[in-house]
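Take a look at the structure below.
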Amino acid sequence: MTYADGILVALRHLLREHRECFCIGQGLWSPWYVGNTMRDLEKEFGTARVIDSPVSEAATTAAALGAALGGYRPIVVHPRVDFAVLALDAIVNQAANWNHMFGGGIPVPLTVRAIINRGGEQGAQHSQALHAWFAHVPGLRVVMPSTPADARDLLVASVLCDDPVVYLDDRALYDVSEADTSMAAVSLRDVLPRVRRAGHDITLVGTGHSAHLCGKAAELLARQNVSAEVIDIPVPGPVTDGAARVLCDSVRRTGRLLAVDGGWAACGFSAELVALAAETLPPTAWKSAPARLTLPPAPAPTNGRLERAYYPTAETLAERARELTR
Amino acid sequence: MASPDPATLGALADPAQYHEPVDLRDLPPAKAITALDTLLLIRAVEVCIGEGVRAGTIRCPCHLAIGQEAAAVGMASQIQPHDRVFGAHRSHAHFLALGGSPRQLLDEVLGRDTGCSRGMGGSMHLRDVAHQFWGSVPIVGATIPIATGAALAAQMDGRGALAVTCFGDGATEEGVFHESLNLAATLRLPVVFFCENNLYSSHLHIGLRQPADSTCRHAVAHCIPFLRVEGNDLPAVVAAMRQAADHARSGAGPFYIEALTYRWRGHVGPSEDVDVGVKRKDDLAQWKLRDPIGRLAAALEQAGHLSAAALSEAQAHARAAVAQAWDAAQAAPDPPQAALQGRVFSAP
Ligand SMILES: Cc1ncc(C[n+]2csc(CCOP(=O)(O)OP(=O)(O)O)c2C)c(N)n1
């Protein structure tokens, strides 16, 4: 099963088993926009439940919120998270606050699925990873799977969750594949970080594509006799106490932390992870100062050479980890 | 004459019509010939870029305007030095029609430091202020309110300048489009809303996205005068744009133009038949008979201003100029590594 298959399997399951689920967004009838993640769903479930929409991010997202209040479980799809920026009122002002500002106990089962692109010379407005924006907001749950099984199981969990969820999948992971597993029913609030690989010299942590990179870097490091522990945080918003504990336990063992993120450093998710560890662990727990590896503080360029310099790779990550363990 | 139904394209949407030579109207032959040369240049550049994409030499997403050249050239015909024009993801033709250099465009799609955006933006982020092109971006609808604000600045300047925003039918589905029309009409801003309705937004026909196929109804809703034209009829677009520009410059407020046209290639990339994974209707062959170049050239031939030989010579000339620019562009330098972080703020 590939990561893209995982998403497709989840959507098919949701549409088949839950009559209150429907999808709305741009490109849903075109494999070009959403890869194979929604292939032929409109043929199987009809165009009334898989709705390819006008170019109207703000309206489709807020309309999905309205339908969620009416008892449905809509999945809004934005082929780039950059386009979801046009829907921020619906997501941030409305969906995130709805339950709290009206006194609590109000289900808001809205899922906003947005896709992150990295590379392909698509430039500043088609390549942003904005998960930290969403994770900043109380009331939103943010999901960033890094493996096919998580892509599947956490999408189902997102849609069945009664809180608004921003589910961010990453095009660069679509072809990642692993052995088939059976679907696991999970509740988003119980999802803990995954220790993808055990190690004792350094903790590498990230979410989504960055967690994937950490795994690759750990393999490179193993060949150089550096034992890296890899922690994948599939639910970056909110990071629960239980989740923070998994991270801190790991750093307590390794004494070193490299937080990797596909977004920018400033006020970003890597900053959150370092802060969580720094607040919890005593100074004596650290063998070296915690570090971050992120995008440089610049928009995505289109020039191919600058683009290659822009994105961290398993190699640059391993190099940084080696520096910390030296 | 009864004013046209603002919601319905009618015969304009029928690809079997408007194949005949255009009416040259009051367009002087010399101007028509210059316009034809610009159409040919744009076509040649777009074909060249399409080949570059196919060969993998160009890797940024390119949305080609082949088939839509007359809309761009007609729009550009009324632009004066203090004006400001904005585009979108499909803006190579706007850039070239305004006088932008083919070499700078090719360098940009190749990501070179010598490109119009110094290699930082590629095909979807073009700018050439020296030729009144203030910027094109791929967030659909984004430059409609920006152009509205550039018109506000022009109004404050009081020099009779105007702003133009070029966008597609898909962009009229974004909220900011409607907000901008309302704002511009209320403040009587000198802005021309220039919609190239090519019936498609990526893979979806307008019939699957809107309850009516003409976007002029939105102008009516905001009390903005409008003209709808056959967008592949160069003299007609020029005439409509002249009326729009005169109106805006006179202080009478915004104007709306809908130019009905059709793109020959897929939404993105050079392929004709497969459009972002979905096969289009089989009417492309008909649309090719409504070729903006063919219709203008035939009219000029009929009127005795152009011979078949002169036309092929002009075509060959355009292709040769583009081929030369393309070859030269291959040797252009990449931006330096320092550009990545050195160009984030206005001064490094
Ligand atoms: C805000 C936003 N939503 C969606 C997209 C994806 N997209 C890119 S071009 C396009 C089609 C726009 O159609 P139209 O405005 O008619 O222009 P055309 O491509 O026909 O020139 C879409 C939906 C985008 N770039 N930005």
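What follows draws every value from the coordinates through simple rules; no lab data is involved. Bear in mind that the values here come from a model prediction, so they are computed numbers and not experimental data. Positions of Cβ are generated from backbone atoms using ideal geometry, with glycine treated the same way; all protein chains shown enter the neighbour counts.
Identify, among B:Ala310, B:Gln286, B:Met124, the residue whose Cα sits farthest towards the positive end of the charge dipole of the range B:10-328, taking +1 on the Cβ of Lys and Arg and -1 on the Cβ of Asp and Glu, with the dipole about the Cα centre.
B:Met124
Name all residues of the range B:173-200 having a backbone nitrogen under 20 Å from the label point set 7 Å from the Cα of B:Ser250 along its Cα→Cβ direction, giving them as ranges.
B:184-194
What is the sum of charges, Lys and Arg at +1 and Asp and Glu at -1, for the other residues whose Cβ falls under 14 Å from the Cβ of A:Ala266?
Working: positive: A:Arg292; negative: A:Asp261, A:Glu272.
So the environment of A:Ala266 carries a net charge of -1.
Quick one: if you stick a label point 7 Å off each Cα along the C-beta vector at B:Ser3 and B:His178, how many nm between them?
My value for the distance between the label points is 2.1 nm.
State the Kirkwood hydrodynamic radius of the range B:39-135 in Å, one decimal place, computed from all pairs of distinct Cα atoms.
This gives a value of 13.0 Å.
Let me know the whole percent of all Cα-Cα pairs from the range A:18-161 that are separated by more than 23 Å.
Values: 3285 of 10296 pairs.
I get 32 percent for the Cα pairs in the range A:18-161 exceeding 23 Å.
What is the antiparallel percent of DSSP beta bridges lying wholly in the protein assembly as shown, to the nearest 5?
Of the beta bridges lying entirely in the protein assembly as shown, close to 15 percent run antiparallel.
Please report the spacing between the Cα centers of the range B:1-52 and the range B:281-338 in Å, no decimals.
If we compute the Cα centre of each part, the gap is 14 Å.
Exposed loop sites here are trypsin sites (Lys or Arg not before Pro) in DSSP loop states with at most 14 other C-beta atoms within 10 Å. What is the longest stretch of chain B lacking them?
Between the exposed loop sites, the longest stretch runs B:26-158.
Applying the Karplus parametrisation 6.51 cos²θ - 1.76 cosθ + 1.60 with θ = phi - 60° to the phi angles of the range B:116-131, what ³J(HN,Hα) value in whole Hz is obtained for each residue in order, glycine and proline being reported as x?
So the Karplus estimates, Gly and Pro as x, are 5, 10, 6, x, 8, x, x, 3, 8, 9, 10, 7, 7, 5, 4, 10 Hz.
What three numbers, in Å, describe the spread of the alpha carbons of chain A along their principal axes, ordered from the longest?
59, 46, 38
Compute the distance in nm between two label points, each set 7 Å from the Cα along the Cα-to-Cβ direction, one at A:Arg223 and one at A:Trp286.
3.2 nm
Can you tell me the length gained on complete extension of the stretch B:Gln243 to B:Arg159, counting 0.36 nm per residue apart and subtracting the Cα distance?
Gain on stretching B:Gln243 to B:Arg159: 28.4 nm.
Sketch the reach of a paramagnetic label on A:Met183 as a point 7 Å from Cα along Cα-to-Cβ, and name the residues of the range A:1-36 whose backbone nitrogen lies under 18 Å away.
A:1-24
Between A:Thr47 and B:Glu301, what is the label-point separation in nm under the 7 Å Cα-to-beta-carbon projection?
For B:Glu301 paired with A:Thr47, the spin-label model returns 4.0 nm.
When 1/r is averaged over all different Cα pairs and the result inverted, which Kirkwood radius in Å belongs to the range A:122-209?
14.7 Å is the Kirkwood radius here.
Any chance you could list P(r) for the protein assembly as shown, counting all Cα-Cα pairs in 20 angstrom bins from zero, rounded to whole %?
Calculated over all Cα pairs of the protein assembly as shown, the distribution is 18, 47, 29, 6, 0 percent.
Output ³J(HN,Hα) for the range A:267-280: one whole-Hz value per residue in order, computed from phi by the Karplus curve 6.51 cos²θ - 1.76 cosθ + 1.60 with θ = phi - 60°, and x for Gly and Pro.
6, x, 5, 5, 5, 4, 5, 5, 4, 4, 5, 5, 6, 8
For chain B, with only Lys/Arg (+1) and Asp/Glu (-1) charged at the beta-carbon, what is the dipole magnitude about the Cα centre, in debye rounded to 20?
It comes to approximately 580 debye.
Would you list which lysines come within 22 Å of A:Lys43, measuring only between C-alpha atoms, while excluding same-chain residues fewer than 8 positions from it?
The qualifying lysines are B:Lys279, B:Lys281.
Roughly what % of Cα-Cα distances in the range B:10-328 sit above 25 Å, to the whole percent?
Result: 46 percent of Cα pairs exceed 25 Å.
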